[in-house]
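Structure, as structure tokens:
The values are calculated or read from the model by the stated rules, or taken from the named source; none is laboratory data. Here the structure is a predicted model, which is why all the values come from computation and not from measurement. Don't worry about glycine lacking a Cβ; one is built from the backbone with ideal geometry, like all the others, and counts go over all protein chains shown. Surface areas here come from the heavy atoms of the whole protein model, side chains and all, with no ligands, DNA or RNA. Shrake-Rupley method; radii C 1.70, N 1.55, O 1.52, S 1.80 Å.
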Amino acid sequence: MSSSPSPTPFESEGCTVPAFPTLPRIEVRAKFFFEGDRKYVLQGVTYGPFRPRGEGLPCFPTADEVFRDFDLMAPLGINTIRIYHTPPKWFLDIAASRRIRVMVTIPWVKRVLFLDDAEVLHQTRENLAEAVKANAGHPAIMGYFIDNEIPPDLVRWYGPRKMEAFLDSMVALVKKHDPGALAAYANFPPTEYILPANVDFLSYNVYLHDKKILSNYLGRLQNLAGEKPLILSEFGMDTIRHPEEEQAELLKTHVTTVFQAGLAGTIIFSWTDEWFTDGVDVEDWAFGIVTKERRPKAAYHALQPYLANPDRPLYERFPLPRMPRVSVVVCSYNGAKTLRDCLTSLGKLDYPDYEVIFVDDGSKDDTQEIMRAFPDVRNIVQVNKGLSVARNVGIHASTGEIVAFTDSDCMVDKDWLYFLVQALDAGGFAAVGGPNISPPATDWIQATVASAPGSPSHVLLTDTVAEHVPGCNMAYWKWSLEEIGGFDPQYRKAGDDVDVCWRIMQLGHQIGFSPSAIVWHYRRFTVDAYFGQQRGYGEAEAMLRYKHLNYFGSTGSAIWHGRVYTQVRLDPFFSQPLVYHGIFGTGFFQCVYPKGENPYLGLFGSLEWVSFSTLILLLSLPLPFLRLVPLILFGLTMLNGLSYMTRARIEPKFDSIRTRLLLFYLAIMQPLARGRARHFTWLRGKRTPEAVIATPESLPHASSSLLSAGHLTFWSESGKERTDLLAEIEKLLDAEGWNYTLDTGWTDWDIHIFASRWWNIRLRTITEIYPHGRRLTRVGNFLVGSMFSNIVWIVLVILGLVFSLTQVKELPFVNAFHGVVEALDSGAFNEIPFGLVCAVLLGHFGIWFANGLRLRHRVAELVHVAAVHAGLQSVKTGKKDKEKAKPSSEPPTGAEPQAETVVSPQPPQA
């Protein structure tokens, strides 16, 4: 603002107002508003409607009254007002001179079945267009509420889709006449499920006075809002029915709850008790924080310490009960391209006590040259050992109670740590994470890649509890990381975050989610880099499957128990969300319950589906009646890609035909690239080194025969049970270098050993209880064919069947497929004796099975040694020792054996 503003006359008021600077329009960036580069925290009040001050005048006070009101708002930190009529220009000029932004509500006059009445529909649109055009481009205009609280029965009558489509058309009308204005719909709980796609932010009128209920509901609304800002557009308390002191305490609690929950702002209803509607003055409500005479109430003074000077850090205005020291760890390998942006953003964090630790994992670019510009960052350089080792180094170097992680290709919001710590402490979580959002793209390829499938994302079990948070945006109490032993070094590029989340949950801890703790995460800049990332994710999924078998399906894809709430609208044709309307549609909170993404859409685009389709295509070449089938199968795959292409959101300035076509290609190829990497990594197998298997046990122990090694029995006179034996088995497996995974409560086995390329071993135990504290523990030592082994045998069986078809062409069944037989009967098969083929197959089967028996026998030796360590006595179970296998048959004199089975502990409720 200039130091000596020149007066500007008001056309209709005959008064003057200081000239105002050219204010930048308010913009939306992810979950927050921005005024230029400054975060704009919306602190608002409703203003009016007022009784017109003269015949034919609008429902606004005089200019002098407006000056006095705005000057009284200034010490309180009010920067936004919500009005309910189209303002005159002089009113906006005064607002701009006081740097107050205006949200204009344009309600529809007729609450009728307007979609069936072309005249009413036209008039509604015309009213909106005229209101927007009247003040288009004015710097005081923040935006428009295109309507307020559409009756729930009207929405129920038309259905949410029609109503959302109409609201989106109204948003388009606002953007047409004033592109710089924001547009939103002032929703309320009875129609919370109305989620127009094109609004700039989500807004709800919510009058919940209980802090806990409000806090829980805000978590729900935050997830419905997704990556858009959320505000409360009305909230207040009447001081006729409640004392002023109660209103003051409520509003103080309200603003604290709202801003600690990460909302972009709130609007208090209302500024003054003066309220005029439907042609009359409202006398029986007094929601204002000042009286009609503009005397500040207790609420005005109570809010001042919190709202005054909204540019102050949140931790000063709304301090948390605890603000412990946080160590921010950034690990990088050749991440120089985006490192400067990352560290610059970390240096601007608004949090009172934190440190930044950078771990250079052997970078070969100019990373260290960039680090010279950040002397306050602790710089640790190591040889390349992978992401997990680098993170463990950062944990070891940290001095904070909380360790937060982000990546060198991320930029953090200035309140990132504030929201992470708030959620971590308030929710009693062991860990917490937040969303990662793509920053504005620099070209059309980057914009397309940012919208492509497969980006890292969070998975939610509830509105505030997560099953997984991405590694670029997560924080842990340091004790929780120490409790699980840190990150697993085998995850060098990806998968480490998933593994840590699952291990923390397996210990009974919960992971929280803070929707406003955002990081800006650069997506890959090229298509090649994108596919490289997806292949890395596929490899990580296979490695995770080795360790967490129960979290994966038969195809190797992760099975999530939770869902991402923002996915509720990604599958509109196959998976409509459920809405509770209440009886006859009268529910005050008509909640939306989203369903998960339809599994068939994922199936149609998967590598397994495409491989099956290709097989049918090859079979259809000699079989004409099959030729339509592969077209249908591939058509479903194309439909899956088209569905993603049409529903994905691309930055408007880059959205074009070529970006959509590239997105279609990425949507088709991404699951193939990721699936191929996942399957090939799994097929290569995670095996125990052959030297470990070949080395016999050194301690003296009982032995089992090759055939009896599948069932082992152990006796204890001192009450030793299967848990004691399993603990010793685990110690031996670790000491000798076996690769294995443990039951997590969702499987029917105790230990799964990745033994060789061909075989895996599964151990299952049971303890039988006998009198006088004696126990009999049985161990099932089961052979399980590896994935590689199963595929090899399937291929051999198919080839054997094909060979058989060439030898028995005279059978009617074979003649039905004469085309295939003729194609295969080239003469080469006839030169191979049938008996020789059978002998070769049987010979290989014998070798394969014998290797499995020897492997099982080796594991049995390990179990016997573990039993010695556990204080258990081996009991032979061969035929010659049948009587000896019943130690319970010799109880103390006079006692009868009364065996009962101790079953495995029940898994936790899903």
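Observations, loosely collected:
- Listed conditions (1) crowded, with 20+ Cβ neighbours inside 10 Å; (2) out of contact with any helix residue (DSSP H, G or I) (no Cβ under 8 Å at 6 or more places or on another chain) are all met by Thr191, apart from (2).
- Matching residues, region 218-240, being farther than 20 Å from Thr46 by Cα, open to solvent by 10 Å² or more (accessible area, probe 1.4 Å), out of contact with any Pro (no Cβ under 8 Å at 6 or more places or on another chain) and not small (Gly, Ala, Ser): Arg220, Leu224, Lys228
- Residue within region 541-553 that is modelled with pLDDT under 70, open to solvent by 40 Å² or more (accessible area, probe 1.4 Å) and either part of a loop (DSSP other than H, G, I, E, B) or outside the structural domain of Asp463 (by the TED database) (or both) present: no
- Sole exception among (1) surrounded by fewer than 21 Cβ atoms within 10 Å (Cβ to Cβ); (2) touching a Ser or Thr at 6+ places or on another chain (Cβ under 8 Å); (3) under 20 Å from Asp499 (Cα atoms) for Leu742, by number: (2)
- Filtered by the rule that a residue be open to solvent by 20 Å² or more (accessible area, probe 1.4 Å) and touching a residue at least 60 places away in the same chain (Cβ under 8 Å), region 253-305 gives Thr256, Gln260, Ala261, Glu274, Trp275, Phe276, Thr277, Asp281, Arg294, Pro296, Gln304.
- Within region 411-433, residues that are closer than 19 Å to Leu218 by Cβ reach partners that are β-branched (Val, Ile, Thr) and assigned to a loop (DSSP other than H, G, I, E, B) with beta carbons closer than 6 Å, at six or more positions or on different chains, in the pairs Asp413/Ile518; Gly433/Val469.
- If you filter region 745-777 down to residues that are of a type in the set (S, T, N, Q) and under 14 Å from Leu855 (Cβ atoms), you find that the one that is least open to solvent (accessible area, probe 1.4 Å) is Asn760.
- Residues within region 85-109 that are among the aliphatic types (A, V, I, L, M) and either out of contact with any helix residue (DSSP H, G or I) (no Cβ under 8 Å at 6 or more places or on another chain) or on the phi > 0 side of the Ramachandran plot (or both), tallied: 3
- Matching option when the condition is modelled with pLDDT under 70, surrounded by 11 or more Cβ atoms within 10 Å (Cβ to Cβ) and among the aliphatic types (A, V, I, L, M), among Val784, Val820: Val820
- Qualifying residue in region 676-683 (condition: touching a residue at least 12 places away in the same chain (Cβ under 8 Å), open to solvent by 20 Å² or more (accessible area, probe 1.4 Å) and within 23 Å of the chain's Cα centre (by Cα)): yes
- Residue pairs whose Cβ atoms lie under 7 Å apart, sitting 6 or more positions apart in sequence or on different chains, and linking a residue in region 152-177 that is within 19 Å of Asn205 (Cβ to Cβ) to a partner that is charged (D, E, K, R), are Leu154/Arg111.
- Meets criteria (in contact with a helix residue (DSSP H, G or I) (Cβ under 7 Å, 6 or more places away or on another chain), open to solvent by less than 30 Å² (accessible area, probe 1.4 Å), in a strand (DSSP E or B) and at pLDDT 95 or above) for Ala248: no
- Wholly enclosed helices (runs of 4 or more DSSP H) of region 79-194 bearing at least 3 residues modelled with pLDDT of 90 or more, charged (D, E, K, R) and under 37 Å from the mean Cα position of the chain (by Cα): 160-177
- The residues listed here are Leu712, Leu666, Leu725, Leu707; of these, the one that is of a type outside the set (Val, Ile, Thr) and surrounded by fewer than 21 Cβ atoms within 10 Å (Cβ to Cβ) is Leu707.
- Residue that is most open to solvent (accessible area, probe 1.4 Å), among those in region 631-649 that are out of contact with any Ser or Thr (no Cβ under 8 Å at 6 or more places or on another chain) and among the aliphatic types (A, V, I, L, M): Leu631
- Test: residue in region 484-499 that is open to solvent by 40 Å² or more (accessible area, probe 1.4 Å), modelled with pLDDT of 90 or more and either under 25 Å from Ala755 (Cα atoms) or not assigned by the TED database to the domain that holds Glu227 (or both): yes
- Of the criteria (1) within 17 Å of Ser332 (Cα to Cα); (2) surrounded by fewer than 23 Cβ atoms within 10 Å (Cβ to Cβ), which one Phe358 fails: (2)
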